Amino acid sequence: MRKFVGWLVIGLVLAFVASYTLLTPVFQKDSRSESDTSSLGAQELKPRGSQTIETLSSVKFDVLNSTEIDSISLPCFDESQVGVINTDGNLVIPHCFKVLGKFSEGVALVSFDADDGQTYRGFINTRGQFIFPPNLRREQRVALADHVGGFTDNLYQFVEGRFPLRQEPDGPIGFIDQTGEFVIEPQYESIGGFHEGVSVVCQYLVTEVRRGCGYINPDGEVLMPLDLQLATSFHEGIAVVRHPSLEGLFSAINKNFQRLTAEDRLDRVGGYDSYYGLISELSTGSGLAPVRIPGCVHPPVQLLPEANPAAPVDENAPEWTGPPYEQGTWGYLDVTNGGFAIEPLFCDFRQSPIAATGFIDDRALVRIHPNDTRASIPERWRGHLAMIDPQGNIIDNYGDAALPDYRVGAGWERGFQEGLLPVANAPRNSDEPSRFGYVDREGHWVIPPQFESVNYFQDGLALVQDPETERHGFIDKSGSYVIPPTFFRRTNDFGYREGFSQGLAAMPDESGRWGYINRQGERVIAPQFAEAEPFWSQGYAQVTLEDETINLIDRDGALIFNQPVDEFVITFTLKISDEFIFIALEKGSEDQRERIGLLMDA
């Protein structure tokens, strides 16, 4: 599968996510003679009867919110410029821009080269109108070096009706609205941008020795004084802060700006620590946030010394490249009311950034230290990952059966699909092979471990591998085969495309070519593709042909596009709604491709 064509194309996709109704374009042909009009060339790709594109050498754009100009003409249709067409061949946004960013709140940041040789920036709406004169310069932007908080998307788009900007190059930062006027005056040294309704902002203190950070709302009101040594953007209702009183550790606050711990005593909040920054999304399911305090301090736990060579080692863990490892004890904060809902009880013992997951479906995973001698910890769970409920109780109804071998990052993040979690058993001795089955939220083996490999249930069926024949078939929730294990798949064929969608499932033959089967296991689209993706609700699926180009097929297996190789290569497709599918196209050589977006009726 080819890689996505980058954030330029993603920006085009999000443009239509924000507004897929395709309003009539408002750009106009410039008042030049027809002999001055350049040609993009004939478009051989004609999905669903589209027309050849009429191209122009210059396009006039309306300019809103200006008393000085009402339109601007831009040179267009250079090979490197970006635009969008619809399936009728009509330009929705013409090929006039070097960059077209993400659409947010109906507008997107664009850049273009003007006749004076300078590059300018401005914002267009989904009708192709500039919302104010496009006279922004690169030096006015907020660079990553001046950004705090952990989320950078809001540096390049409007959020809460606000966009961060400098009035003068290297000057202080403020926020403009969609008329281009500053509604929060430039006064900050660095900002986080608005996220979940508030923005981190920082100023140098009088001594200019250290920064003071706090939070403001979209009206510029200070919600928390600018006296924090560190502050992150809010994510799922929680933010990480550090007060000047204690170096090295930090606290967490909720949306009421309440400190969730009595003092700065945390060294990790979810995936956040002072070495990594915000390295992963913080899951606060059940209103609980996983946090860690330094050291393994909770009595009466008897712990192995850090340097003890007898300490367990995870042989499957990647090579450790982080800071010197220090042990810590994990618990869960009450995001709403503050304090620990689950006291720090779980001491980690492996070099892992996170030893306690967020809650998903009211369940979380924690590591149990092998020398944790508390009476509340069953001996057989020591040294393993255990599943807990929101009260911190270990969920275990496995009886005499083997324990499940839970794995962080091995599907846990998807939770219990259709009520079941695929998981392997933990062999009780070296002669016992590991097999996969399914458990429920209450800690029962619903389908005992018996398969070589398994996948999530989708539409009542799950793809599994038989350990004897190494062939693949589909089972129902009783564990019985509905489609016998007769299909061959390579080990690396597994991903998110398994399972049925729209009554069809992608399945390869023994040569590695992909086709589709129905729920009776019958091949209804013959194996002929290098790769095949699930069908969307509109009845189309993306496939990769033998020549490594991408196309769409319908449920009969017919190609939607006639000639994707000769002129255009489809590089990315995305379902936007039940009405539209966005398709990114490229034309030209590998080192210089022209990117074109196409919005296809479903």
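The values are calculated or read from the model by the stated rules, or taken from the named source; none is laboratory data. Remember, it's a predicted structure, so these values are computed and weren't measured experimentally. Cβ placement follows ideal geometry from the backbone for every residue including glycine, while neighbour counts extend to all protein chains displayed. Surface accessibility is based on the protein's heavy atoms, side chains included, excluding ligands, DNA and RNA. Shrake-Rupley method; radii C 1.70, N 1.55, O 1.52, S 1.80 Å.
Quick notes on this one:
- Cut-off 16 Å, label 7 Å out along Cα→Cβ of LYS255, residues of segment 152-187 by amide N: 160
- Dipole moment magnitude, nearest 20 debye, segment 82-205 about Cα centre, only Lys, Arg, Asp, Glu C-beta charged: 260 debye
- Full extension of the chain between LEU144 and GLU236 yields a length gain of 30.8 nm, computed as 0.36 nm times the residue separation minus the alpha carbon distance.
- Label-point separation in nm, VAL222 to VAL183, each point 7 Å along Cα→Cβ: 2.2 nm
- Projecting label points 7 angstrom from Cα along Cα→Cβ for GLU510 and VAL446 puts them 3.5 nm apart.
- Dipole of segment 415-560 [Lys/Arg +1, Asp/Glu -1 at C-beta], most positive-end residue of TYR516, PRO448, THR469: PRO448
- Rounded to the nearest 10 Å², the accessible area of THR469 at probe 1.4 Å: 80 Å²
- For segment 506-518, 3J(HN,Hα) computed residue by residue from phi via the Karplus equation (6.51, -1.76, 1.60; θ = phi - 60°) reads 6, 8, x, 9, 5, 7, x, 7, 9, x, 9, 10, 9 Hz, glycine and proline entered as x.
- Each Lys or Arg adds one and each Asp or Glu subtracts one; over the other residues with Cβ under 13 Å from the Cβ of ASP466, this totals 0.
- Solvent-accessible surface of segment 130-200, averaged per residue with a 1.4 angstrom probe and all protein chains in place: 40 square angstrom.
- Phi angles across segment 472-485 convert, under the Karplus curve 6.51 cos²θ - 1.76 cosθ + 1.60 with θ = phi - 60°, into 3J(HN,Hα) values of 10, x, 10, 10, 9, 6, 8, x, 8, 6, 9, 10, x, x Hz, Gly and Pro given as x.
- For VAL183, net neighbour charge (Lys/Arg +1, Asp/Glu -1) across residues whose Cβ lies under 9 Å away: -3
- Cα→Cβ-extended label distance, 7 Å offset, between ASP459 and ALA262, nm: 5.7 nm
- Between VAL183 and PHE175, ILE176, ASP177, the built amide H atoms are under 5 Å apart, and every one of these is 5 or more places off in sequence or on another chain.
- Potential lengthening between HIS384 and SER111 on full extension [0.36 nm per residue; Cα-Cα distance subtracted]: 93.0 nm
- Full extension of the chain between SER434 and ALA558 gives 40.4 nm of extra length, using 0.36 nm per residue less the Cα-Cα distance.
- Loop-resident trypsin sites (Lys or Arg not before Pro) (DSSP state other than H, G, I, E or B) in segment 416-455 with no more than 12 further Cβ atoms inside 10 Å of their Cβ: ARG428.
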